[in-house]
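The values are calculated or read from the model by the stated rules, or taken from the named source; none is laboratory data. Remember, it's a predicted structure, so these values are computed and weren't measured experimentally. Cβ placement follows ideal geometry from the backbone for every residue including glycine, while neighbour counts extend to all protein chains displayed.
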Amino acid sequence: MNQNNPLFNQRYRFVFLGFLFPVFHYVIMLLVQVAATACMSIAFSFAQDITAAELEKKVLVFLTEYSDVFSVISALLTVLLVIVVYLIISSHFTKWQLTPPSVKTYFSLNKISKGLVFKLILLAFFFYHFVLGFLNLVGLLAPSLMESYNSAAESVDAGKSVFSLVMSFLALVIAAPITEELIYRNMAIANLRSRLPAVLSVILSSLIFGIFHGNFVWMLYACGLGLLFGFLYVKSESIYVSLVVHTAFNLFGYVYSVLGNFASESMVPVINLVSFCLILISLVGAPLVFVWVWLTLSQKDKPIQ
């Protein structure tokens, strides 16, 4: 009976759930931007004496200013898609007179201890500065690549207005980690493992995670972070572990963005000096804390409650 049900077919899980969920997430983001572009183009076109070049410029400014809003909307739609698929899968299990996967099992909602949370935040702190060092190295060795990255990164800049700060926080610190961990870790890895070893599943999901970040420099370190998040997820069998690290990592990026926007000129050298010192410390701190976390996760009874 199970062989006739596609939900029990490894090829179906591998292709549809393993690969297409990241694609669906990307398509949703594009559709939201296309819809916003179309609406604003129509709205601006009613303005008198506006040229095609001016219309294009206005639309581009609008998309840039409200990119965080589109990210939040895309995240909500993606989470809704994941929930709908879960309900469909559960209904199929019921149809075949089988017990559907529980929410806890399906989404890997195994709780973690407070002590582990602290270690994960510390891990994110060191890895953020490790990545910051990588970006500084790219800036020295390939300035043109760094210029391209900085241009792409403007979409996640916190801004200075209250609205921008709030929306940037929601998009970067809340929406992005939740959505990406659901898609690239919980959904992709779990289903890729139906036909691949865990290590290959993590590597493949990390490559997909990096590719969908678009910019080459962004892609490189996103792949690295994907490996970090993926191996932590597989080791712990809990989405909370990778989610805490991902959220904390993005939070540190948000804080740096806010500091960069509001710091006075006299404070910039101080901030740069502190970040440089932290980068040097992270060269040792990142691998040491990773080993600490890994050993903690090996003690199954303690970190997972």
Residue within the range 85-104 that is of a type in the set (A, V, I, L, M, F, W, C), modelled with pLDDT of 90 or more, more than 13 Å from MET29 (Cα to Cα) and touching a Leu at 6+ places or on another chain (Cβ under 9 Å) present: yes
Residue pairs meeting the criteria (Cβ under 8 Å; at least 6 apart or on separate chains; first of a type in the set (A, V, I, L, M), in the range 88-115; second assigned to a loop (DSSP other than H, G, I, E, B)): ILE89/PRO100; ILE89/PRO101; VAL103/LEU109; LEU109/SER238; ILE112/SER238; ILE112/PRO303; ILE112/GLN305
Pairs with Cβ under 6 Å, 6+ apart, first in the range 219-245 and within 23 Å of ASN150 (Cα to Cα) and touching a residue at least 24 places away in the same chain (Cβ under 8 Å), second of a type in the set (S, T, N, Q) and surrounded by 19 or more Cβ atoms within 10 Å (Cβ to Cβ): GLY226/SER206
Residue within the range 288-298 that is modelled with pLDDT of 90 or more, farther than 15 Å from PHE126 by Cα and buried (at least 16 other Cβ atoms within 10 Å of the Cβ) present: yes
Output for the range 242-286, where each listed residue is of a type in the set (S, T, N, Q) and in contact with a Pro (Cβ under 9 Å, 6 or more places away or on another chain): SER242, THR247, ASN250
Where a residue in the range 19-43 is surrounded by 14 or more Cβ atoms within 10 Å (Cβ to Cβ) and its partner, wherever it lies, is of a type in the set (Ser, Thr, Tyr), with Cβ under 6 Å and at least six apart: HIS25/THR78; ILE28/SER74; ILE28/THR78; MET29/SER74; VAL32/SER74
Complete set of residues in the range 249-284 that are modelled with pLDDT of 90 or more, of a type in the set (Phe, Trp, Tyr) and over 23 Å from the mean Cα position of the chain (by Cα): PHE276
Qualifying residue in the range 253-272 (condition: hydrophobic (A, V, I, L, M, F, W, C), crowded, with 19+ Cβ neighbours inside 10 Å and within 14 Å of HIS129 (Cα to Cα)): no
Filter result for the condition that a residue is surrounded by fewer than 18 Cβ atoms within 10 Å (Cβ to Cβ) and closer than 30 Å to LEU283 by Cβ, over PHE93, PHE130, PHE125, PHE134: PHE134
Leading residue by the ranking (surrounded by the fewest Cβ atoms within 10 Å (Cβ to Cβ)) among those in the range 236-252 that are touching a Leu at 6+ places or on another chain (Cβ under 8 Å) and within 19 Å of TYR106 (Cβ to Cβ): TYR240
Of the criteria (1) over 13 Å from the mean Cα position of the chain (by Cα); (2) surrounded by fewer than 18 Cβ atoms within 10 Å (Cβ to Cβ); (3) of a type in the set (A, V, I, L, M, F, W, C), which one ILE174 fails: (1)
Residue match in the range 205-224 (condition: of a type in the set (A, V, I, L, M), under 11 Å from the mean Cα position of the chain (by Cα) and at pLDDT 95 or above): no
Residue within the range 33-53 that is modelled with pLDDT of 80 or more and either among the aromatic types (Phe, Trp, Tyr) or outside any helix (DSSP H, G or I) (or both) present: no
